[in-house]
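Colleague: First the structure, then my questions, so here it is.
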Amino acid sequence: MDSNILICYKSVTGFTKRYAEMIAKEAGGTLMALEDVTPEALKPCDIVVFGGRFHAGAVDGLKRMKALLAKGRTQTFIVFATGAMPITAAETIRQAWEGNFTAQELRQIPHFYLPGGLRYEKMPLHERAMMRAFAAVMKGKINRKKEKTAQDEAFVQMIGTSYDLSAEQYIEPLVSCLKEKTGARG
């Protein structure tokens, strides 16, 4: 597509990095971890795609990325977030975006949710402990229900173990947006 595209990410368990790599491969832009991004690295970029995980309601690294962009000339900013929720959790995802962007930003910044999963083995120890405690509480609540739904049972199964929902198909809307912004034909 365009060499003036920077795809950067902040990844903890690997899902966001994997998606960033897929997007960079498809878009032909430069791939960079957020920790390596500087105002100088942003200077030649017309488009910046940033990815981070939804964690405790916030997109990891988004505040830092916005601060870096405020110092530059980037014309287009696109954001993706990964998480453990399935793509069908539309209302929860909408609320998460509203917690990360102003109303104006929601209208102006293209943003995409890409389902990842859970990797307990790659989580920092304190996060793993919190997730295990959360899973135990949720399992207890569901087990106390008189009538459990199939969704309840699936939730208990998912939250208790590592799983991967990621798939290349989920980047298609973001890549289409990039093609539109660059005028590329696909």
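Colleague: Taking the conditions exactly as written (within 30 Å of Asp46 (Cα to Cα) and of a type in the set (Val, Ile, Thr)), does Thr182 satisfy them or not?
Modeller: On the way: within 30 Å of Asp46 (Cα to Cα): yes; of a type in the set (Val, Ile, Thr): yes.
Yes; evaluated as a whole, the condition is true for this residue.
Colleague: Where residues in the range 9-36 are assigned to a strand (DSSP E or B) and within 21 Å of Gly183 (Cα to Cα), which of them is modelled with the highest pLDDT? Outline the logic, then answer.
Modeller: Quick first cut of the range 9-36, residues assigned to a strand (DSSP E or B) only: 9, 30-33.
In the following step, the residues that additionally are within 21 Å of Gly183 (Cα to Cα) were identified as 30-31.
Working: Thr30: 93, Leu31: 96.
So, considering only residues that are assigned to a strand (DSSP E or B) and within 21 Å of Gly183 (Cα to Cα), the one modelled with the highest pLDDT is Leu31.
Colleague: Just give me the residues in the range 37-71 being within 20 Å of Thr82 (Cα to Cα) and in a helix (DSSP H, G or I), in sequence order.
Modeller: Passing the criteria: Leu62, Lys63, Arg64, Met65, Lys66.
Colleague: Give Ser166, Ser176 a once-over and let me know the one that is closer than 24 Å to Lys17 by Cβ and touching a residue at least 60 places away in the same chain (Cβ under 8 Å).
Modeller: None of the other options fit; the residue is Ser166.
Colleague: Which count do you get for residues in the range 154-170 that are small (Gly, Ala, Ser) and over 30 Å from Glu26 (Cβ atoms)? Show your work before the answer.
Modeller: So the first thing to find is which residues in the range 154-170 are small (Gly, Ala, Ser), and the list is 154, 160, 162, 166-167.
So of that shortlist, the ones also over 30 Å from Glu26 (Cβ atoms) come out as 154, 160.
Total satisfying the criteria: 2.
The values are calculated or read from the model by the stated rules, or taken from the named source; none is laboratory data. Please read all numbers here as calculations on a predicted model, not as lab measurements. Positions of Cβ are generated from backbone atoms using ideal geometry, with glycine treated the same way; all protein chains shown enter the neighbour counts.
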